[in-house]
1. Testing A:TRP462 on (1) in a helix (DSSP H, G or I); (2) surrounded by fewer than 24 Cβ atoms within 10 Å (Cβ to Cβ); (3) at the interface with chain B (Cβ under 9 Å from one of its Cβ atoms), one condition comes back false. Which one is that?
2. Considering only the stretch A:357-414, how many residues are under 25 Å from B:TYR120 (Cβ atoms) and of a type in the set (A, V, I, L, M, F, W, C)?
3. Kindly establish whether A:VAL407 is out of contact with any strand residue (DSSP E or B) (no Cβ under 8 Å at 6 or more places or on another chain), open to solvent by less than 10 Å² (accessible area, probe 1.4 Å) and more than 10 Å from chain B (Cβ to nearest Cβ).
4. So A:PRO364 clears everything in (1) more than 14 Å from chain B (Cβ to nearest Cβ); (2) closer than 12 Å to A:ASP444 by Cα; (3) open to solvent by 10 Å² or more (accessible area, probe 1.4 Å) except one condition, right? Which one?
5. State all residues of the stretch B:505-533 that are within 21 Å of B:ILE298 (Cβ to Cβ) and not in a helix (DSSP H, G or I); if no residue qualifies, say none.
6. Could you check B:ILE93 against (1) part of a helix (DSSP H, G or I); (2) within 23 Å of B:VAL150 (Cα to Cα); (3) more than 22 Å from the chain's Cα centre (by Cα) and say which number it fails?
7. Residues that are without any contact (Cβ under 8 Å) to a residue 12 or more places away in the chain: find the helices (runs of 4 or more DSSP H) completely inside the stretch B:179-254 holding 1 or more of those.
8. Anything in the stretch A:195-250 that is more than 21 Å from A:LYS294 (Cβ to Cβ), surrounded by 23 or more Cβ atoms within 10 Å (Cβ to Cβ) and among the aromatic types (Phe, Trp, Tyr)? List them, or say none.
Amino acid sequence: MIPVLFILIPLISGLALFFFKNEKTAKSFALFSSLITLAVAVSGLTFLNDNKFLQYSHGWLSFLGSSFAVKVDGMGQILCLLTAISYPAIFISTWKNEYHKAGNFFGLMMLEQAGLMGVFVAMDALLFYFFWELALVPIYFLSSMWGGEKRVRATFRFFIYTFLGSVLMLVAIIYLFSQTKDHSFSIESFYSLGKVIPGKTQSWLFWMMFLAFAIKMPVFPFHTWQPDLYEQSNTPTTMVLSAVIVKMGVFACFRWLLPVVSIASFQWGDVVTSLAVIGILYASLIAIRQDDLKRFVAYSSIAHIGLMCATIFSETEIGFQGVMIQMFNHGINILGLWIVVEMIEGQTGTRKISELGGLAQKAPSLALFAVIVGLANLALPLTNAFIGEFMMFNGIFSSDSTRYHIVFTALAAISIILVSVYILNMIRKVFYGDDNQITREAKDIKWNSKLVLSVIVIIIIWLGIYPDSMLNLTRSLSESILKSSDVIHLLSGK
Amino acid sequence: MQNVLQIVWLIPFLPLIGFLINGLFRKQLSKSLIAIIACTTVLASFVLSIWVFLQVKGGNSHVAEYFNLISAGSLKVPFAFQIDALSSLFLLIITGIGFIIHVYSTSYMKEETREHYGRYFSYLNLFVFSMLLLVMGANYVIMYLGWEGVALCSYLLIGYWFKNTEFSKAANKAFIMNRIGDLAFLLALFWIFSKTGSLNFDVVFSKGPLLDSSDITIITLLLFFGATAKSAQIPLYTWLPDAMAGPTPVSALIHAATMVNAGIYMITRSEALYSLAPVTQNVVAITGLATAILAATIALKQNDIKKVLAYSTVSQLGYIFLALGLGAYTAGIFHVMTHAFFKALLFLAAGSVIHAMGGEQDIRKMGGLKGKLKITYITFVVGCLAISGIPPFSGFFSKDAILLSAFEHNKVLYVLALFGALLTAYYMFRLLFLTFNGSFRGTQEQKDHLHEGPATMTLSLIVLAILSFAGGFIGIPEVFATGGDKLSEFLSPVVPVFREGAVSHSTEIILMVLTAVLVIVVIVMAWLRFRKYQQVEEKGIGKFLENKWYVDELYDNVIVNPLSRFGDFLKNVFDRSVVDGLVNGVGRLVNYGSRQIRLLQSGQVTGYVLLMVLSMLLIFVVQFFLRK
Amino acid sequence: MPVNYYIFLSLALFAIGIVGVLVRRNAIVFFMCIEIMLNAVNLLLVAFSKMHHANQAAGLANVGIDGQLFVFFIMVVAAAEVSVGLAIIVMLFRNVHSVNVNFLNRLKH
């Protein structure tokens, strides 16, 4: 029942929100609804943690062999929880922001949540595609109607880009469907194809699907929509985009790529990993020289996601689990980073790193949170990201599926130097030193951001000290994904 | 022994509590309360450490497991502490010296506002916590937690006065340099894990002999590279002198007495691997010696009192690495300990000088301080004698042990090491004479301000001075007293003692006398040269040394600047034009194509018909040929 | 008579129709050519239908009439088309004083 609630609560409240005229009520209602979703997510993690509640299936388009099959498994739990946490966090931290046509804005936000939840729980390829598109449409309106001056152009590009990927994915899904023995879109039928379809066909399918995911993540060289969109879009949308939506790509690789086209994933693993590793270094180097805070965060995100992508194709259990918890960690950390950026811009009116300085004296709490979130972003031990990165690097290093695992690890791990360079330089330039005209009038953050940032910091520290609490969720799942996508024996047996 | 295991977690936990209380309530607590919390937590850890120390004396070694930090696939990393002779010795050094420095800081930092005072002590406590984590960890991951934790604290404390841009730059530099080392450390961990399937010390070391020698060499080299960052060796030493931007007690605690020993501890801990890798051992020894001499030459020409001490730290660490590389682990650890004593002493005394001079650090503007700062002067002398290796001060015994093992190993190494030791004596006494002798060269205002620090400061100095004097007696060589080398005996369960080609007792005594005489000669030379201050413009090699061999500039020009230019290129040119250009290019191509194809729609019916006919013909033809 | 004769005749008619459409500009001639093409098809349909019928075992009465039925449909449609088309042409001539199709591309703009 829980996955249905995940979809229904935001969907219904989202549709209802379109009729709200008053901004305050719309805001409150959206927050209320997102808190209920969070409560459901938490209860799904704790006392309703039983397949009876976590699974649901109902006939839907049965003439096409598709059904409304949803299930919250370990990875789904993590990502639904991330989605459920980030929404109230976004609403509370941007409580003061004003929007014209607030009802529409919040309505679209909630629809977006419904789409995201759907993607994470769908156990049917057609349903997955349906929600994948559902998650794309609201974001188009959100960022093209509320945001910076060049928002329409940036959004248009994002839309075309992701839509192209989606269409190719649809073609691949339909082809896969036609190959299933029982003509069904169900995930089991798709998984059974992984080792059946010949490698050459799989290669085509692989690239058609991977392109969609790679654009979403984004992996170098498909990343250029991201900095522009982050820069132009309004902050809540950007937060949703970077905290949750980019995880869709990573998530989809796990659920719909590795086990479905296993042979091709293995064959093309080196190519994809190379792209990802190049992307890590590339984005890190750009982030070092970036002056705009929003673009800075965008490039840092590209680097982090690149590491996840590289790890996925290393096909090791340690790596898988590392990526799964890192998806959550990265979402939390980047949310914190965005709130900090939003506060800086709100207080000073600028996002140029070179124009800022000395904020630590004016806004000590903000500086403290910024430092903690920044350190979490550079994966300092005892913050959440460390365990994830450690496991991911370890995963790449111990990978059997590539001969270049040492090179990949060494190159990817250079990012731990580069990330500390850009994060610390940003902190130094923005917060330390003497204040100037721009930062002189800045004030410290208000209770709402403080509350959200404190929660984020608690999560950061908690998962840094006791990551096993989350690793337990993903253990069996990563084992099974590995088992169903492991083709080395198959190939060497031939 | 069982009760040790039950409460050993308190040792790092107490400073953590101190950190949390001081960090969270720094605005509410009064300064004295902050100081009391910070000091008592460390003191309590110290008391516990003594107790643990007494428990492990008989050679006991225990691992206390608490919970699973990571368990994924074959990777199982428990949160576990290892208590044995080596770690308990380090526990004593860290908490003991840490406590003294906490006490010293209570007066040194008195002028800070309450909030910053709380911030300072919470950082200090966090540092002690991280360092304890580092030495107590029973696997490489826990060690790594502490390893980066100390780097973090170092970053926070160097940049403590964050208003000053230069200071925060130095903080960044320290952290980033350490991260370079961390990269190597991490790679070593992955390598170890992929070869042995575990990161726990006991498993790794027991499987060590089964590994390929090439694997061992790579692992140990990577670990060593990690250690060069933390323990300030070539090529990653340049952060340490810059780290002097932090408050002086911090320099004493982190950048002299404890954190820089992390790399040494790690290598000693991994002794089981290093003794299997002769190539790495040579690299370690040579790097150590080169660093020792390089840093000593730079120290000759520095004018900042803390910079001289910083380079002397780098140089002494070089000696310790030389010892490690020669397999003389006990000698290395011995020097770690005595160095912690006298370097903490020297830094705190320097802090006392800086405190008295109202923040002045340039020794060219000091001089003649011995009258006003009696206790500081005397303790500083003790420190200088100890570091120079004058018998019977502590430094003599530890440095002699290193020199002796160098002599046993290779005569060239010995000569170079001896040369370095003489340089040490020269620059330390130059510092002493310039600071305390001659006439005062500062402003009148500073002169009136000169005063000895409060009792907490002087008392700390006195305690450290006594330790610096007597600390060597736990490792008296066999020549003087049979069974005098208590330290080796204590450490022998963890670190086996190898002596190859041991020299006879008479040679040993001759060497000692030779060293001592030469050092005294050098001190006299320094006395003659620096008794009276003369202003000289440095030229040639002097200028070269004053500018630290231009290593910073070299790094900037060879690594930092090209990389940032490359980053600019990627950001402004490549990302915009190439990647984005390709994407937009595809869009433009589609646009252009459709504009061309649009022209076919001319509105001429005949045109359409013609097209239709032609296409039909084409289809016929194609089909015709396909049939064939 | 072999079916080839009919085929070639209708091919010739069809070709004449196409060439007429392609080279002439007069709308009336256009129409005539279209009619010729339609009749070429009709001829073919009738011919095939007849041959088909002849070779068919006479089991079913209406087998083979399909083609001939179709011809009637085509004729009806063609007649309707001509009536509408001619009306359009007349209207065009009244408006632009020309039945040259080259002038009739105004929809393009």
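1. Against the list (1) in a helix (DSSP H, G or I); (2) surrounded by fewer than 24 Cβ atoms within 10 Å (Cβ to Cβ); (3) at the interface with chain B (Cβ under 9 Å from one of its Cβ atoms), A:TRP462 comes up short only on (3).
2. 16
3. Numbers: out of contact with any strand residue (DSSP E or B) (no Cβ under 8 Å at 6 or more places or on another chain): yes; open to solvent by less than 10 Å² (accessible area, probe 1.4 Å): no; more than 10 Å from chain B (Cβ to nearest Cβ): yes.
Judged against the criteria, A:VAL407 is not a match.
4. Result: A:PRO364 passes all but (1).
5. Scanning the stretch B:505-533 gives a single hit, B:TYR533.
6. B:ILE93 satisfies all of (1) part of a helix (DSSP H, G or I); (2) within 23 Å of B:VAL150 (Cα to Cα); (3) more than 22 Å from the chain's Cα centre (by Cα) except (3).
7. On the way: elements: B:201-207, B:213-230, B:239-242, B:248-252.
Output list reads B:201-207, B:213-230.
8. The answer is A:PHE206, A:PHE210, A:PHE213.
The values are calculated or read from the model by the stated rules, or taken from the named source; none is laboratory data. Since the model is a prediction, treat every value here as computed from it, not as a measurement. Counting neighbours? That spans all protein chains shown, and the Cβs are built from the backbone with ideal geometry, glycine included. In case anyone asks, the SASA skips ligands and DNA or RNA and just uses the protein heavy atoms, side chains included. Shrake-Rupley method; radii C 1.70, N 1.55, O 1.52, S 1.80 Å.
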